Amino acid sequence: MVQEKHSETDVIVIGGGPSGSATATLIAQQGHKVTLFEREHFPRFHIGESLIPQTYHVIKRLGLLPKMKQSHFIKKHSVQFVTEHGKLSEPFYFHDHKPEESSQTWQVRRSEFDHLLLTNARETGVTVHEGARVLEVLFEGQRAVGVRVKLDDGSEQIVRSKIVVDASGQSSQIIDRFNLREWDPVLKKAAIWTYWKGAYRDTGRDEGATIVIQTQGKTGWFWYIPLHDDILSVGVVAPHEYLFQNRGKDYEKIYFEEVAKCPGVQPRIANATRCDIFRAQKEYSYRASKAAGDGWVLVGDAFGFLDPLYSSGVLLALTSAGMAADAINEGLAKGDTSEAQLRKWEAGYIAGMDRMRRLVVEFYDGFSFGRFVKKHPTLKGLVTDVLIGDLFKDDVDVLWPLMDEMRAEKAQYLATKAAQAATTS
Ligand SMILES: Cc1cc2nc3c(=O)[nH]c(=O)nc-3n(C[C@H](O)[C@H](O)[C@H](O)COP(=O)(O)OP(=O)(O)OC[C@H]3O[C@@H](n4cnc5c(N)ncnc54)[C@H](O)[C@@H]3O)c2cc1C
C-alpha cells in the first residue's frame, strides 16, 4: 500500500554509512529537519576498516572525538610496506612527520563505527529509519523532490523534501538514473578477504599499523589490518581479470593461492584461526560526472570510489559529507537548492580525489616514496600530507612534476640498461 506522507523534512538522506550519517548530522547541527533512510538494521557488516589521520577533522565536527578516544578501537600510528620478497620497510609514523593530535587515527570494525555515527546523527536530531529501503528518488522534471521508500512491515511511503542526498554507496540510484558513472580507465581491481584470530600482531606503537604486503611479481597486495578482540583483517587486492578469470568462484582457493605467492603474509597467519567466511568484492573505480543537480547531491561512494590502497574511502566519504553539508546549509539558509549552489564544493573535492588517485596509480606503477624522499628531503612534509589524506589544498601539487621527472629518469635508466644488455649479448 502506498501512502503519501506530507513531510516537513528539509533534507532526505539515503544511506546510513559514514557519508550519509555525517552529512545528516552536519545539516541537523544547523537546525534543519533531516530524515535518513537506511535499508539495513545496524550494526551491519561493511568493509573499509582502516582510517587515515585526516578523518580526525570531520570526526571532530561531528562531536565524536571523545567517544573515539574512549573506544576500544585499535590506535593506528603508522603504515608499513613489505616487499614481494617479504622485506619489511621502516614504519612510516605519522606523528614523527606531523606532531599533531590528529596524526593518530584508528582501525575500526565498521559495524561498530558506522553504528556510532548513525547513533550520533539520531542524537543530533536526525530522524533515522532503519530497515527502510529507498525504492526510487522522485523527480519533477530534473529536480529531485523526494523518495518512495519501503519499510520493514512492507508498507510504502512517499516522502517529500527540498533536497535529497544520495549516500547509498556503490548502489547509488541517481548516478544510474542520469547515466553519470564514468569508469576509471586504469583502476579495475577486486578483493578477497577474511578475518583471523590469533594472527601475528606487533606491539606498542606498531600494534595498529596497517601493513601493505606485495605478492610475488607485484601482481597484487595484501592488506593486514589489526582490529580489536585479537582479530586481523587480511585481504588480497589484484586486477579483477587476474583474480577471477579462469579461476572459478572458489574464494577460499583463490585466497590461499595468493597467500602461497606472498612470503610476507604466510608467517603472519601461520598459527591463526580463521573466524569468518571469505568475502569478495569487485571494485572497479568510478566517479560521477557531476556531484549535484537541482535538489539532489551525491556524497561518498555514491559519488565515486577509488581503491582500497591508502585507506582513503572513509576519508573521502567524510570529507565529501563535510563539504556538501556546507553547500546544503548555505543553500537552505538562502532558499537556493539549485544545481549551481549544490555543486559549489565539487571542484575542490575532485582536486583532492585526483591527488589521491595519483598516489594510488603511482603505487601500482612501482613508485617508491622512500627513494623520492631521499632525493627530495625537504619535501618530506608534503609527502606526509598526501599519505595522511591532507589532500584538499594546492601546495602538494609541487610533488607531481618531480614524480614525473623521477619516473622519466627511471625509464631512461631501464632503457640504457636494456640497450647495454643487448650490446653485450
Ligand atoms: C575491498 C575494500 C576495502 C576497503 N578498505 C578501506 C579501508 O581500509 N579504509 C577506508 O577508509 N575505506 C576502505 N574502503 C572503502 C570504503 O568501504 C567506502 O569508501 C566507504 O564505506 C564509503 O562510505 P559511504 O557512506 O559512502 O557508503 P557505504 O559505507 O557503502 O554506506 C552506504 C549505506 O547505504 C545503504 N543503502 C544502500 N542503498 C540503499 C537504499 N536504496 N535505501 C536505503 N539505504 C541504502 C547501505 O545499506 C549502506 O549502509 C574499502 C573498499 C573496498 C571495496
How far apart, in nm, are the 7 Å Cα→Cβ label points at residue 200 and residue 326? 4.4 nm
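Antiparallel versus total DSSP beta bridges in the chain: what percent is that, nearest 5?
Numbers: 53 of 76 bridges.
Percentage antiparallel, nearest 5: 70.
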For the chain, what does the helix formula give at 222 nm: sum of -39500 (n - 2.57) over DSSP H segments with n ≥ 4, over the residue count, nearest 500 deg cm²/dmol? -10500 deg cm²/dmol
In the structure displayed, which of 162/344; 162/290; 150/189; 162/282; 87/393; 98/261 lie more than 25 Å apart, Cα to Cα? 150/189; 162/282; 87/393; 98/261
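For region 1-102, state which GluC sites (Glu not before Pro) are in a DSSP loop and have at most 13 other beta carbons lying within 10 Å of their beta carbon.
On the way: sites: 4, 8, 38, 40, 49, 84, 100, 101; in loops: 8, 40, 49, 84, 100.
Listed in order of number, the matching sites are 8, 100.
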Region 394-420 and region 230-271: distance between their alpha carbon centers, rounded to Å: 32 Å
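Loop-only check: which GluC sites (Glu not before Pro) in region 191-282 are DSSP coil with at most 15 other Cβ within 10 angstrom?
Values: sites: 207, 241, 252, 257, 258; in loops: 207.
Qualifying residues, ordered by number: 207.
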What ³J(HN,Hα) values, in whole Hz, does the Karplus curve 6.51 cos²θ - 1.76 cosθ + 1.60 give for region 269-283 when θ = phi - 60°, with x put for Gly and Pro? 10, 4, 9, 9, 10, 5, 10, 7, 6, 8, 10, 9, 8, 7, 9
Could you give the angle, 0 to 90 degrees to the nearest 10, between helix 346-364's Cα long axis and the longest principal axis of the Cα atoms of the chain? 30 degrees
For residue 276 and residue 44, compute 0.36 nm times the residue count separating them, minus their Cα-Cα distance, and round to one decimal in nm. 82.1 nm
Among the aspartates and glutamates, select those whose C-alpha is under 17 Å from the C-alpha of residue 218, and discard any that sit fewer than 8 residues away in the same chain. 84, 241, 257, 258, 307, 362, 365
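Could you compute the FRET efficiency for residue 397 and residue 229, with r as their C-beta to C-beta distance and R0 at 41 Å, rounded to 0.05? Write out the running numbers ahead of the final one.
On the way: r = 42 Å, r/R0 = 1.02.
Approximately 0.50, to the nearest 0.05.
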Where does helix 399-424 land angle-wise versus the long Cα axis of the chain, in degrees 0 to 90, nearest 10? 30 degrees
Does anyone have the angle between helix 18-28 and the longest principal axis of the chain? Alpha-carbon axes, 0 to 90°, nearest 10? 40 degrees
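How much length, in nm to one decimal, is gained on full extension between residue 240 and residue 421, taken as 0.36 nm per residue of separation minus their Cα-Cα distance? Show your work: numbers first, answer last.
Values: separation 181, 0.36 × 181 = 65.16 nm, distance 3.44 nm.
Length gained between residue 240 and residue 421: 61.7 nm.
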Here Rg/Rh (Cα, Kirkwood) for region 367-424 equals 1.15
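Could you work out the mean projected area of the convex hull around the alpha carbons of region 173-244, in square nanometres to one decimal? Walk me through the intermediate numbers first.
Working: hull surface 30.3 nm².
Answer in nm², one decimal: 7.6.
Work out the length of the dipole vector of the chain about its Cα centre, built from +1 on the beta-carbon of each Lys and Arg and -1 on the beta-carbon of each Asp and Glu, and round it to the nearest 20 debye. Write out the running numbers ahead of the final one.
Details: 53 positive and 55 negative charges, 139 e Å.
Using only the charged Cβ atoms, the result is roughly 660 debye.
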What per residue convex hull volume, in Å³, do the alpha-carbon atoms of the chain yield? 165 Å³
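Readers should treat all values here as calculations from the given coordinates under stated rules, not as data from a laboratory. Just so we're clear, the structure is a prediction, and the values are computed from it rather than from any experiment. No Cβ is skipped: glycine too gets one built from the backbone with ideal geometry, and neighbour counts run over all protein chains shown.
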